[in-house]
Amino acid sequence: MTSTIKDVAKMADVSISTVSRVINDSKPVSPEARRRVLHAIEVLDYKPNEVARSLVTKKSNLIGVIVNDIGNTYVAQVLRGVEEIGRMFNYDILLSSSYGDLDVEMKFANLFSQKQVEGIILISDILNERLMFKLDELMIPYVVINRFYNIEDAATVTINNKNATYKMTQYLIDEGHEKIGYVALRKDMDRTNETYKIKGYKEAMRQCNLKPHVIYSEGLGREDALDVMEDILDDVKDGKYTALFCTQDILAIHIMNELSDQGIRVPEDVSVCGFGGTSLSEIVRPTLTTVKEPFYDIGAVAIRKLLKSVEEKEELKKDTVFLPVEILKRNSVRSL
């Protein structure tokens, strides 16, 4: 039978309030009484009720994490950074996946509030502004991690997307490429990081007196890649492009497959590069040259930023932390 706080008090010959003071370290207790209480806890294998304890200490050591899809490779890598650093600082993670349902995310916010989480991390590639308003209303500190949408007026950890595309475009130019097409995602461009990616690409091209060519895709799937290839196939065959720089790895891989189906070799006939540095970029053949986003580090820095605010009892600054990227030079780009 599970031991109770009453059992501990009886064995230690002290009051229940004295046991509570020892457990929560809330008020002074004589050394002898403390010794007897700790001995009784050990003998009885007593486990304090964490919910009741958090009501006394005002500290739950719980962080809520809301993700839009736990099966997403990007989400999984960011989450690993959150979990490992959280564990290092003795915080437990309450994880929930909404699978893109914005109303479900609102329910999770209320649930986490009831669980008295000390902060929330949002990991997503969709945008739920209602959720952020709700968390502000509940006065729960939160950090947003979103690789697609540009987040304003919230604490966030991300990369400098403009600088990242500039660096990759400059690498392609250094490899002798002058006819470089950038395949961008058209969706919600006025609110997404795609705007900054295009700016970085165009800036690198114009600084070298090269003409930029932005090609738009409606999505990241195979059908979207097919539509892109229908538009540019003749141009690729005619040599209008020697390199295609795609906004995400998955789109680059689909495009490489479509090029192969058309008898166009990568990188012999046209080079292809991506953005993300996901595990898929290592598996595909040829291996994909890409911008590596530091997904694990983004998660680790996000929870450390949140915990620092919680532990120091300071208001969480609604600012942006930018982390560096790396160019992974692989086999899908050839030097001209």
Legend entry - Where residue 165 falls short, out of the listed (1) assigned to a helix (DSSP H, G or I); (2) at pLDDT below 90; (3) not aliphatic (A, V, I, L, M): (2)
Inset, instruction - Find all pairs meeting these conditions: Cβ atoms under 9 angstrom apart; at least six residues apart or on different chains; first residue within region 175-188 and assigned by TED's automatic domain parsing to the domain that holds residue 272 and farther than 30 Å from residue 126 by Cα; second residue part of a strand (DSSP E or B) and of a type in the set (Ser, Thr, Tyr). - result: 175/271; 177/271
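For residue 165, are the conditions met, namely being in the same structural domain as residue 241 (by TED's automatic domain parsing), of a type in the set (Val, Ile, Thr) and within 25 Å of residue 267 (Cβ to Cβ)? Please lay out each step first, then the result.
Values: in the same structural domain as residue 241 (by TED's automatic domain parsing): yes; of a type in the set (Val, Ile, Thr): yes; within 25 Å of residue 267 (Cβ to Cβ): yes.
It is true that residue 165 is in the same structural domain as residue 241 (by TED's automatic domain parsing), of a type in the set (Val, Ile, Thr) and within 25 Å of residue 267 (Cβ to Cβ).
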Inset, instruction - Could you please find all residues in region 10-20 being surrounded by fewer than 19 Cβ atoms within 10 Å (Cβ to Cβ) and either more than 45 Å from the chain's Cα centre (by Cα) or over 13 Å from residue 41 (Cα atoms) (or both)? - result: 10, 11, 13, 15, 17
Inset, instruction - Take region 123-137 and flag every residue that is surrounded by fewer than 21 Cβ atoms within 10 Å (Cβ to Cβ) and either closer than 30 Å to residue 247 by Cβ or in contact with a His (Cβ under 8 Å, 6 or more places away or on another chain) (or both). - result: 125, 126, 127, 129, 130, 132, 133
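Yes/no per residue for (1) touching a Phe, Trp or Tyr at 6+ places or on another chain (Cβ under 9 Å); (2) over 21 Å from residue 188 (Cβ atoms); (3) not β-branched (Val, Ile, Thr):
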{"position": "214", "(1), (2), (3)": "yes, no, no"}
{"position": "228", "(1), (2), (3)": "yes, no, no"}
{"position": "246", "(1), (2), (3)": "yes, no, yes"}
{"position": "259", "(1), (2), (3)": "no, yes, yes"}
{"position": "282", "(1), (2), (3)": "no, yes, yes"}
{"position": "305", "(1), (2), (3)": "no, yes, yes"}
{"position": "314", "(1), (2), (3)": "no, yes, yes"}
{"position": "320", "(1), (2), (3)": "no, no, no"}
{"position": "331", "(1), (2), (3)": "no, yes, yes"}
Legend entry - From the options 288, 323, 306, residue that is of a type in the set (A, V, I, L, M, F, W, C), in contact with a Pro (Cβ under 9 Å, 6 or more places away or on another chain) and crowded, with 19+ Cβ neighbours inside 10 Å: 306
Legend entry - Among residues of region 29-59, those that are outside any helix (DSSP H, G or I), within 30 Å of residue 312 (Cβ to Cβ) and at pLDDT 80 or above, counted: 1
Inset, instruction - Considering each residue of region 116-140, count those that are touching a residue at least 60 places away in the same chain (Cβ under 8 Å) and among the basic types (Lys, Arg), and give that number. - result: 0
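Would you be able to say whether some residue in region 211-218 is part of a helix (DSSP H, G or I) and not assigned by TED's automatic domain parsing to the domain that holds residue 68? Don't jump to the end; show me each part of the working.
Kept after step one, since they are part of a helix (DSSP H, G or I), are these residues of region 211-218: none.
No; the residues of region 211-218 include none that is part of a helix (DSSP H, G or I) and not assigned by TED's automatic domain parsing to the domain that holds residue 68.
When region 186-195 is examined, which residues are found to be surrounded by fewer than 18 Cβ atoms within 10 Å (Cβ to Cβ) and either within 12 Å of residue 148 (Cβ to Cβ) or at pLDDT 90 or above (or both)? So that I can check it myself, show each step before the final result.
Just the residues of region 186-195 that are surrounded by fewer than 18 Cβ atoms within 10 Å (Cβ to Cβ), to begin with: 186-191, 195.
The answer is 186, 187, 188, 189, 191, 195.
From the list 306, 328, 288, exactly one residue is touching a Leu at 6+ places or on another chain (Cβ under 9 Å) and more than 30 Å from residue 266 (Cβ to Cβ). Which is it?
306
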Legend entry - Options 180, 120, 140; residue that is in contact with a helix residue (DSSP H, G or I) (Cβ under 8 Å, 6 or more places away or on another chain), surrounded by 22 or more Cβ atoms within 10 Å (Cβ to Cβ) and within 23 Å of residue 310 (Cβ to Cβ): 120
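Can you name the residue in region 119-162 that is in a loop (DSSP other than H, G, I, E, B) and among the charged types (D, E, K, R) and, of all such residues, is modelled with the highest pLDDT? Before you say what the answer is, go through the steps one by one.
Kept after step one, since they are in a loop (DSSP other than H, G, I, E, B), are these residues of region 119-162: 125-128, 139-141, 147-148, 150-154, 160.
Retained after the next criterion (residues that are among the charged types (D, E, K, R)): 125, 147, 152-153.
Details: 125: 86, 147: 91, 152: 85, 153: 86.
Restricting to residues being in a loop (DSSP other than H, G, I, E, B) and among the charged types (D, E, K, R), the top hit is 147.
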Legend entry - Cross-chain or 6+ apart pairs with Cβ under 6 Å, region 216-232 first and under 19 Å from residue 198 (Cα atoms), then part of a helix (DSSP H, G or I) and of a type outside the set (A, V, I, L, M, F, W, C): 217/224; 218/224; 225/254; 225/258
Legend entry - Criterion violated by residue 95 - all others in (1) modelled with pLDDT of 90 or more; (2) part of a loop (DSSP other than H, G, I, E, B) satisfied: (2)
Legend entry - Single condition residue 203 does not satisfy, out of (1) surrounded by 14 or more Cβ atoms within 10 Å (Cβ to Cβ); (2) more than 29 Å from the chain's Cα centre (by Cα); (3) not aromatic (Phe, Trp, Tyr): (2)
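The values are calculated or read from the model by the stated rules, or taken from the named source; none is laboratory data. Bear in mind the structure is a predicted one, so any value in this text is a computation, not a measurement. No Cβ is skipped: glycine too gets one built from the backbone with ideal geometry, and neighbour counts run over all protein chains shown.
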